[in-house]
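Taking it in order: structure first as structure tokens, then the write-up.
Nothing in this text is a laboratory measurement; each read-out follows from the coordinates by a stated rule. Since the model is a prediction, treat every value here as computed from it, not as a measurement. Ideal geometry is used to build each Cβ from the backbone, glycine not excepted, and the neighbour counts take in all protein chains shown.
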Amino acid sequence: MPEPEAGAVLVIDASVLINLLGCGAAEEVLRSLPVAVLIEQRTLEEVLIDPSRTLPARDHRELLVQQQHLQVRQLAGDAIECFLELVAEPDGLDDGEAATIACALDLGAAAVLDEHTARRILGERFPALALTSTAGLFRSLLEQRRMDEERVRTLVCFVSQGETTVGDKG
């Protein structure tokens, strides 16, 4: 599985958005990424709690979309067929993971997934699709000097203290 190229569009999964909300600086991180960040509608609706505030995430999700830090897409055509195949997997991809993969395939974008099973299925079925994780996003911010090391360490600590995960799980 290749890493996303510079300028690639990213399609994030719910766990990634939860991690970004959990670090308390989702806007800052999304704004710092030099690429468009998308989320499929079903996936966005899975994000119910904002871990940084322990409040419902709806207002924060809507703010990210209104401020254009996050773009929402809906599957159509062949992407819906791909989604249906992925949710029928015996390994049990949830709707959000399947929608993330189908959307990334449809757009020729990179998928951003943290969950091991989703990463494995993507690698087995779509080895040419670029893949990264929440940790990969933070790493790219450091490598591209879009955020300083101390700030990234602080944000990762906030994520790791919550109910979220930031590590590569696959």
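Identify the trypsin sites (Lys or Arg not before Pro) of the stretch 9-108 meeting these criteria: DSSP loop state and at most 16 other C-beta atoms within 10 Å of the C-beta. Provide the component values of the computation, followed by the final result.
On the way: sites: 31, 42, 53, 58, 61, 73; in loops: 53.
Qualifying residues, ordered by number: 53.
For residue 66 and residue 150, what is the calculated FRET efficiency with R₀ set at 35 Å and r taken between the beta-carbons, to the nearest 0.05?
Efficiency, from the Cβ-Cβ distance: 0.75.
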Legend entry - In Hz, Karplus ³J(HN,Hα) per residue of the stretch 16-27 (6.51, -1.76, 1.60; θ = phi - 60°; x = Gly, Pro): 5, 5, 4, 4, 5, 5, x, 7, x, 9, 4, 4
Inset, instruction - Scan around residue 71 for amide H atoms under 5 Å from its own, H built in the peptide plane at 1.01 Å from N, and keep only partners 5 or more places away or cross-chain. - result: 37, 38, 39
Legend entry - Whole-Hz couplings from phi, Karplus 6.51/-1.76/1.60, listed for the stretch 71-87; x for Gly and Pro: 9, 9, 10, 10, 5, 8, x, 4, 5, 5, 4, 4, 4, 4, 5, 5, 6
Legend entry - Karplus 3J(HN,Hα) series, Hz, for the stretch 123-140 with 6.51 cos²θ - 1.76 cosθ + 1.60 (x for Gly, Pro): x, 6, 8, 9, x, 7, 6, 5, 9, 9, 9, 4, 4, x, 5, 4, 4, 5
Inset, instruction - Can you find, among 105, 72, 92, the residue farthest towards the positive end of the dipole of the stretch 67-110? Put +1 on the C-beta of Lys and Arg, -1 on that of Asp and Glu. - result: 72
